[in-house]
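To keep things clear, I will list the structure first and then write my remarks on it.
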């Protein structure tokens, strides 16, 4: 779980949720600080790196994957079996089980806002001299902040490699599953 | 003393009214924010733009009930229907999920 807490101290550090970020978007989303906390504490940061907080529900529901999952659904009614697998799919996001573009945060214990995703693609470096313009809103507590950062670093350092072709993959599946096989 | 009348503030609302009051006062020096407008704030960029355009560093803000910072809930309600959000996220892949557990 990654529930935000109200920020009682006025120091901007890693995991601090901020408002008034100059995204040049209207309306502008909140953001969360990704910058290294030591750099901030020892004044070694020239810029404050922030990632946007986007609405999780709509981001999921507008995605290709979600649209594919619901394309045959009528009147929003999902069969029990499909609902179960649907729940398993969504739990991956809720628990941040996987490294992905987004990191789920439930902010509702700290602020009145919808469920949110940290978007690791939507970043901004704000000159540190302008940090007084920012408004501190809440904080992602430890160890969730550290987990978020580990997801960010893993996401940003992914390396694409060639995959086995379909035929070779099929052969490998057969070898690994042996003696079990398809009916 | 220069005045930004209500209409001017309204026209500046979308881009300007985002920063803290403290910041406004510290940057403008002689700026006055009256009690009823404590929720109204202005960005440095817009403030500096206004200073240059009007050749003044003195402001008086006029009460206008329209000018009010949206709650986060209301703001996100607007975000999900905004062009930038829909254009950036509609039909996008959620990305490959690499399990770490």
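Hey, fewest Cβ within 10 Å first, where do A:159, A:105 land in order?
Fewest-to-most ranking of A:159, A:105: A:159, A:105.
For helix A:80-94, report the angle its Cα long axis makes with the longest principal axis of the Cα atoms of chain A; keep it between 0 and 90° and round to the nearest 10°.
So the helix axis and the longest Cα principal axis differ by about 40 degrees.
Using Cα atoms only, what is the angle between the long axis of helix A:166-177 and the major principal axis of chain A, expressed in degrees (0 to 90) to the nearest 10?
Rounded to the nearest ten degrees, it is 80.
Connecting C-alpha atoms closer than 10 Å in a GNM of chain A, tell me which of A:89, A:103, A:155 has the biggest fluctuation.
Per the Cα network of chain A with a 10 Å cutoff, A:89 tops the list.
Suppose R0 equals 35 Å. What FRET efficiency, 1/(1 + (r/R0)^6) with r the Cβ-Cβ distance, do residue A:169 and residue B:84 give to the nearest 0.05? Write out the running numbers ahead of the final one.
Working: r = 39 Å, r/R0 = 1.13.
Working from the Cβ atoms, E equals 0.35.
If r is the Cβ-Cβ distance from residue A:142 to residue A:162 and R0 is 45 Å, what FRET efficiency results, to the nearest 0.05?
On the way: r = 39 Å, r/R0 = 0.86.
Result of the calculation: an efficiency of 0.70.
Which of A:49, A:134 comes first, and how do the rest follow, when ranked by fewest Cβ neighbours within 10 Å?
Listing A:49, A:134 from fewest to most nearby Cβ atoms yields A:49, A:134.
Quick check of the Kirkwood formula: for chain A, what is the inverse mean of 1/r over all pairs of different Cα atoms, in Å?
It is 18.9 Å.
With each label point set 7 Å from Cα along the Cα-Cβ vector, what nm distance links residue A:57 and residue A:72?
Rounded to a tenth, the inter-label distance reads 2.7 nm.
Please give the Cα centre distance for the stretch A:79-137 versus the stretch A:1-69, rounded to the nearest Å.
Using only Cα atoms, the two centres lie 8 Å from each other.
Report, in degrees rounded to the nearest 10, the 0 to 90 angle that the Cα long axis of helix A:144-156 makes with the longest principal axis of chain A.
Here the helix axis deviates by roughly 60 degrees.
Quick note: the coordinates plus some simple rules give every number you see, no bench work behind them. Predicted model, so just to flag it, every value in this text is computed and none were measured. Here the Cβ is made from the backbone with ideal geometry for all residues, glycine too, and neighbour counts use every protein chain on show.
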